[in-house]
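Peer 1: Before we start, here is the structure in question, set down as structure tokens.
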Amino acid sequence: MSESREERPGEEIAVTPGGVRVRSAGKEVVVRASGEERLSKDITIRGLNPDLYNSVAELSRRLGISIGEAINEAMRLLLDVMGGLRSIQPLVEGVKEAGKSISEGISNLTPVPISGIEEIELSKEDFEKFGRRVLISNVRKVVFSQDVDEATLEKYVAVIRDCDEVSFPKSISKLLALSKCRDVDRVTFY
């Protein structure tokens, strides 16, 4: 069974049991799964922009990670962002707040990654002062203060991913909280 949707005229994305296929303007990218969670070692990406690839290669060298890890993280981020955009309203609000510059508006819509921290507690004031959406990943324990309400969570938290434990106040809807979590080991409400 495959699912596909048209992105633009002539562009097709198909999810099949064998992997993900993207076709656009005569270019095709195929990512195949070999096993439950591992990608096969040989992946061919046609039409890759060499300058973009070199930039990612340089970034991965500076970060001390492999190019594959950098590309995997970029693909995870893309999937998280696309999956997290359930409605157009956050985009409209983001553009309104951005004001005069479209490029400012786009940068304000992109979630800011917060990662590699042992433990963090976030309050409503923290989010309001920062004023940007965040993507929280690879944090052992995340605690949202009692003053964090559903509107704050919806407005400022894009995704919480790859964390050991996340604690929400009981006032937050469980379904809303869970909709923000990806690959979280434990979710609690206090």
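Bear in mind these aren't lab numbers, they're just calculated from the coordinates by the rules spelled out. What you see is a predicted model, and the numbers here were worked out from it, not measured in a lab. As a convention, Cβ positions derive from the backbone with ideal geometry for all residues, glycine included, and neighbour counts pool all protein chains shown.
Peer 1: Taking K and R as +1 and D and E as -1, what net charge do the other residues with C-beta under 9 Å from the C-beta of Pro111 add up to?
Peer 2: +1
Peer 1: Something else about it: Fewest Cβ neighbours within 10 Å first, please rank Glu69, Glu165 accordingly.
Peer 2: In increasing order of surrounding Cβ atoms, one gets Glu69, Glu165.
Peer 1: For segment 112-189, compute Rh as the Kirkwood radius over C-alpha pairs and then the Stokes-Einstein diffusion coefficient at 25 °C and 0.890 mPa s; write the answer in µm²/s, rounded to an integer.
Peer 2: Answer from the Stokes-Einstein relation: 203 µm²/s.
Peer 1: Could you rank the peptides 115-126, 70-81 by their average count of other C-beta atoms within 10 Å per residue, with the highest value first?
Peer 2: Values: 115-126: 13.6, 70-81: 15.3.
Output ranking for 115-126, 70-81: 70-81, 115-126.
Peer 1: Would you order Phe127, Phe189 from fewest to most other beta-carbon atoms within 10 Å of each residue's own beta-carbon?
Peer 2: Exposure proxy ranking, most exposed first: Phe189, Phe127.
Peer 1: So for each of 56-64, 153-161 I average, over its residues, the number of other beta carbons within 10 Å; can you give me the resulting order with the highest mean first?
Peer 2: The peptides rank, most packed first, as 153-161, 56-64.
Peer 1: Exposure proxy check: Ser66, Ser145, Ser137 ranked by fewest other beta carbons within 10 Å?
Peer 2: Ser66, Ser145, Ser137
Peer 1: Now a separate question. What FRET efficiency, computed as 1/(1 + (r/R0)^6) with R0 = 30 Å and r the Cβ-Cβ distance, is obtained for Glu58 and Leu78, rounded to the nearest 0.05?
Peer 2: Between Glu58 and Leu78 the formula returns 0.90.
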